[in-house]
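S.K.: Got a structure here, written out as structure tokens. Questions coming.
The values are calculated or read from the model by the stated rules, or taken from the named source; none is laboratory data. Note that this is a predicted model, so its numbers are computed, not measured. Positions of Cβ are generated from backbone atoms using ideal geometry, with glycine treated the same way; all protein chains shown enter the neighbour counts. Side chains are part of the model used for accessible areas, which takes the heavy atoms of the whole protein and leaves out ligands, DNA and RNA. Shrake-Rupley method; radii C 1.70, N 1.55, O 1.52, S 1.80 Å.
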Amino acid sequence: MSEPKETRRQAGQAAPADVQPTIARREVTNRILKAFHLRADKSLGQNFLVEESVVARIAAAAELTPADKVLEIGPGIGTLTQALARTGAQVTSVELDQRLLPVLAETVGCYANVRIVHGDILKTDIPALLGGDSFKVAANLPYYITTPIIMHLLEQGLPLERLVVMVQKEVAERMTAAPGSRAYGAISVAMQYYTEPRLAFAVKAGSFLPAPKVDSAVLVCRRHTAPPVAVPDEKVFFRVVAAAFSVRRKMLTNSLRHMGGLSGDQVKEWLAAAGIDGTRRAETLSLEEFAALARAFGPIGAAREP
């Protein structure tokens with residue numbers, strides 16, 4: 001994989017006083033877009049945030065200090081980047097759209113603590129980029145790729161302390177949903193296995209330029225230092241979760257057969273070993289109950305090996 005391209009101020013070059021206008025204002029954003037002949041690229045899910053108070057609240061939710069490293073994904077024209085830079089933290093922003101690199105050089109190039117990297121976050125070597133140090137994430141994520149990006153960050157076992165992201169409100173509600181609610185699903189289990197997520201605040205569609213068709217929400221996730229439940233194998237755990245939710249609103253005795261060729265009797269044996277009633281549905285199970293299923297599957301899975 002080729003090295004990501006980056007732009008930043010030269011080492012040792014003094015940072016000027018912060019006299020940049022606040023980007024998160026409709027008139028400033030419009031002026032920037034006009035100056036660079038830009039329009040939001042719908043294929044990249046671009047919507048520019050123009051509500052100064054929202055940007056300030058996102059930066060505050062990240063709880064940054066000058067000692068922190070923060071990774072931003074999709075800085076756009078630098079709206080959130082600017083707010084993150086003003087905290088004094090070391091900001092690394094990864095931008096996929098090459099058209100925006102000269103814009104970012106103009107809007108946030110004056111901040112000595114900002115580094116702009118041209119690349120795809122899903123293909124970026126994050127430990128190499130951040131030197132293997134612990135870091136936080138703050139981002140206004142494109143809606144079309146929200147879940148893949150978040151899961152990519154969480155599944156790698158990175159030294160990620162805190163994740164503050166703006167996502168579609170419906171997605172935030174699913175990620176924070178409790179067992180028994182209609183929004184509870186596989187993504188709820190995954191997020192709560194890796195983090196302690198909470199919906200911090202909602203953001204109206206009118207806070208963006210252009211306005212999307214749905215409202216957004218800011219999600220704050222504190223990474224668990226250790227998983228909240230004990231599982232022998234994470235891959236088995238998530239296979240169980242996927243199988244349980246593979247047929248929504250169906251009893252576990254039916255959905256768990258999707259684990260891979262299990263007979264009805266084997267599923268009943270498995271559920272009995274886990275101490276779970278097979279007439280229940282996946283959306284009623286807690287993390288601990290999914291973990292119990294994963295632990296009980298071990299002997300059954302081993303018995304099926306040739």
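S.K.: At 20 °C and 1.002 mPa s, grab the translational diffusion coefficient of the stretch 63-167 from Stokes-Einstein with a Kirkwood Rh over Cα pairs, rounded to a whole number in µm² per second.
M.R.: On the way: Rh = 13.6 Å.
Approximately 157 µm²/s, per Stokes-Einstein.
S.K.: Please identify, among LEU287, LEU80, LEU163, the residue showing maximal mean-square fluctuation in a Gaussian network model of the chain using a 10 angstrom Cα cutoff.
M.R.: Highest fluctuation among the options: LEU287.
S.K.: Does anyone have the angle between helix 52-61 and the longest principal axis of the chain? Alpha-carbon axes, 0 to 90°, nearest 10?
M.R.: 50 degrees
S.K.: So for the chain, averaging the separation of alpha carbon pairs under 8 Å that are six or more residues apart and normalising by length, what relative contact order in percent results?
M.R.: On the way: 526 pairs, mean separation 45.0, N = 306.
Dividing the mean separation by the residue count of the chain yields 15 percent.
S.K.: Now a separate question. Charges only on Cβ, +1 for Lys and Arg, -1 for Asp and Glu: so what's the dipole of the stretch 151-306 about the Cα centre, in debye to the nearest 20? Display every interim value, and only then the final one.
M.R.: Working: 20 positive and 15 negative charges, 98 e Å.
Dipole size: approximately 460 debye.
S.K.: Only four residue types carry charge here, +1 at the Cβ of Lys and Arg and -1 at the Cβ of Asp and Glu. Report the dipole size of the chain about the Cα centre in Debye, rounded to the nearest 20.
M.R.: On the way: 36 positive and 31 negative charges, 154 e Å.
With Lys and Arg at +1 and Asp and Glu at -1, about 740 debye.
S.K.: Two decimals is fine: what is log10 I(q)/I(0) at q = 0.08, 0.15 Å⁻¹ for the chain, from a Debye sum with one equal scatterer on every Cα and no solvent?
M.R.: Evaluating at q = 0.08, 0.15 Å⁻¹ gives log10 I(q)/I(0) of -0.42, -1.11.
S.K.: Computing the accessible area with a 1.4 Å probe over protein heavy atoms, can you report the carbon and sulfur percentage for the stretch 27-156? Before the final figure, lay out each step's value.
M.R.: On the way: 2810 of 5320 Å².
In the stretch 27-156, the share of accessible area belonging to carbon and sulfur is 53 percent.
S.K.: Take the Cβ-Cβ distance between ARG39 and ARG198 as r, set R0 to 45 Å, and report the resulting FRET efficiency rounded to the nearest 0.05. Provide the component values of the computation, followed by the final result.
M.R.: Numbers: r = 35 Å, r/R0 = 0.77.
Calculated value: 0.85.
S.K.: Strictly over 30 Å apart at the Cα level, which of LYS69/LYS213; LYS34/LYS213; LYS169/LYS268 would you flag in this model? Don't skip to the answer; put the middle values down first.
M.R.: Working: LYS69/LYS213 33 Å; LYS34/LYS213 23 Å; LYS169/LYS268 38 Å.
Pairs exceeding the cut-off: LYS69/LYS213; LYS169/LYS268.
S.K.: Then there is this: Using only Cα atoms, locate the centre of the stretch 56-127 and the centre of the stretch 195-234, then give the distance between them in Å, rounded to an integer.
M.R.: 19 Å
S.K.: For the residue pair MET251 and LEU122, what label-to-label distance in nm results when each label sits 7 Å from Cα along the Cα-to-beta-carbon direction?
M.R.: Each label point lies 7 Å from its Cα, and together they span 3.9 nm.
S.K.: In addition: Please work out the average accessible area per residue across the chain, using the 1.4 Å probe convention, and give it in Å². Before the final figure, lay out each step's value.
M.R.: On the way: 14440 Å² over 306 residues.
For the chain, the solvent-accessible area averages 47 Å² per residue.
S.K.: Using a Förster distance of 25 angstrom, determine the FRET efficiency expected from the C-beta separation of ALA272 and ALA178, and round it to 0.05.
M.R.: About 0.45, to the nearest 0.05.
S.K.: How large is the dipole of the stretch 17-135 about the Cα centre if only Lys and Arg carry +1 and Asp and Glu carry -1, each at its Cβ, rounded to the nearest 20 debye?
M.R.: 380 debye
S.K.: In nm, to one decimal, how far is the SER134 label point from the GLU170 one, both placed 7 Å along Cα→Cβ?
M.R.: The modelled label-to-label distance comes out at 3.7 nm.
S.K.: Further question: Of LEU158, VAL189, PHE208, which is farthest along the charge dipole of the stretch 147-213 in the positive direction, counting Lys and Arg as +1 and Asp and Glu as -1 at C-beta?
M.R.: Checked the options; the winner is PHE208.
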